[in-house]
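The values are calculated or read from the model by the stated rules, or taken from the named source; none is laboratory data. Everything quoted here is computed from the prediction, not taken from an experiment. Cβ: placed from backbone, ideal geometry, glycine included. Neighbour counts: every protein chain shown. In case anyone asks, the SASA skips ligands and DNA or RNA and just uses the protein heavy atoms, side chains included. Shrake-Rupley method; radii C 1.70, N 1.55, O 1.52, S 1.80 Å.
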2 protein chains.
Amino acid sequence: MDELPGSVGTSASFSLRLGQAIFSSSSLLFMSLGVEFYSYTAFCYLVTIMGLVIPWSFTLALVDGYSVLVKCPIRQPGILMIIVVGDWILSTLTLAAACSTASVVDLLLHSHGNFCPPKLCSRYRISAIMAFFSWFLSLASSLFNLWLLPSL
Amino acid sequence: MDELPGSVGTSASFSLRLGQAIFSSSSLLFMSLGVEFYSYTAFCYLVTIMGLVIPWSFTLALVDGYSVLVKCPIRQPGILMIIVVGDWILSTLTLAAACSTASVVDLLLHSHGNFCPPKLCSRYRISAIMAFFSWFLSLASSLFNLWLLPSL
């Protein structure tokens, strides 16, 4: 079996997972350092989803790192299927959270009421951008693994 | 080749496409009958995406209806690939639009300012729900066709 870069157990996959963990952690941090996030449904949703994505990405980063070290990538179709489906569900949820956050931030910035101190709002915006990056990397992982799946 | 229900050229696929066209049209109508939608970025985005989804679903519904009538389903991998990718991109965009709309509606309903007359807001909410239904059906089409793809 030829090694597909980006699939489970390669160093490219390890980088992807590490990127996901970093981006989702920074999204969570930027969002929750301002303590007002719980007054908006969309921001609470983002925090919840990031709380799911971080352990998932971190665990898979550990698995990938271990696989790279012992040079024995995972090739069981069952496990790969779980990883693809999990990645896909989490990337969908991340996209939903990122879009909700982005649209709420946009509304807060452009509404005439004085809802949002500029410092807080730019922090929310960075959080949404980080969530989009995390979505993109998670999607890439899912697609690489899906590509590998039929050849097993 | 056994017929997979839901893939291109079956009557199940025809129903799915028809459902997508109906839900996205009603989402567009509910959104644009109130003339204030262009003051919110998320609502403009929803209208744009629905304007893409409606012709796509309608065309594929026609193709499916024709295939069912002449009993000759499409089985070219290239065309199927285009349909899968197109469906997938449009379903992602629809999900993003639906989430943005839903979160903005939620914010408008629960903010203390008097932004949103109840009649308009419930119309926006119905529009977001219709967009979610359209996303779900579009995703189902995409998955059914993806399932068929490796067997060609």
>> If I ask for residues that are assigned to a helix (DSSP H, G or I) and buried (at least 17 other Cβ atoms within 10 Å of the Cβ), which ones from the range B:33-51 would you list?
In response: B:F37, B:A42, B:F43, B:Y45, B:L46, B:V47, B:I49, B:M50
>> Condition (residue is more than 15 Å from B:S138 (Cβ to Cβ) and buried (at least 19 other Cβ atoms within 10 Å of the Cβ)) applied to the range B:12-29: is it met by at least one residue?
In response: no
> Name the residues in the range B:52-75 that are in a loop (DSSP other than H, G, I, E, B) and touching a residue at least 60 places away in the same chain (Cβ under 8 Å), would you?
Replying inline: B:C72, B:P73, B:I74, B:R75
>> Exactly one of these conditions fails for A:S67: (1) within 11 Å of chain B (Cβ to nearest Cβ); (2) closer than 30 Å to B:L143 by Cβ. Give me its number.
In response: (1)
>> Consider the range A:32-51. How many of its residues are touching a residue at least 40 places away in the same chain (Cβ under 8 Å) and away from every other protein chain (no Cβ under 14 Å)?
In response: 3
> Only one of A:S138, A:S103, A:S91 is in contact with a helix residue (DSSP H, G or I) (Cβ under 9 Å, 6 or more places away or on another chain), away from every other protein chain (no Cβ under 12 Å) and touching a residue at least 24 places away in the same chain (Cβ under 8 Å); which?
Replying inline: A:S138
> Of all residues in the range A:106-124 being within 13 Å of chain B (Cβ to nearest Cβ) and part of a helix (DSSP H, G or I), which is most open to solvent (accessible area, probe 1.4 Å)?
Replying inline: A:H110
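On the basis of being surrounded by 16 or more Cβ atoms within 10 Å (Cβ to Cβ), more than 10 Å from chain A (Cβ to nearest Cβ) and of a type outside the set (K, R), does B:M81 make the cut?
It is false that B:M81 is surrounded by 16 or more Cβ atoms within 10 Å (Cβ to Cβ), more than 10 Å from chain A (Cβ to nearest Cβ) and of a type outside the set (K, R).
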> Looking at B:S67, is it farther than 18 Å from B:W135 by Cα, open to solvent by less than 70 Å² (accessible area, probe 1.4 Å) and at pLDDT below 95?
Replying inline: yes
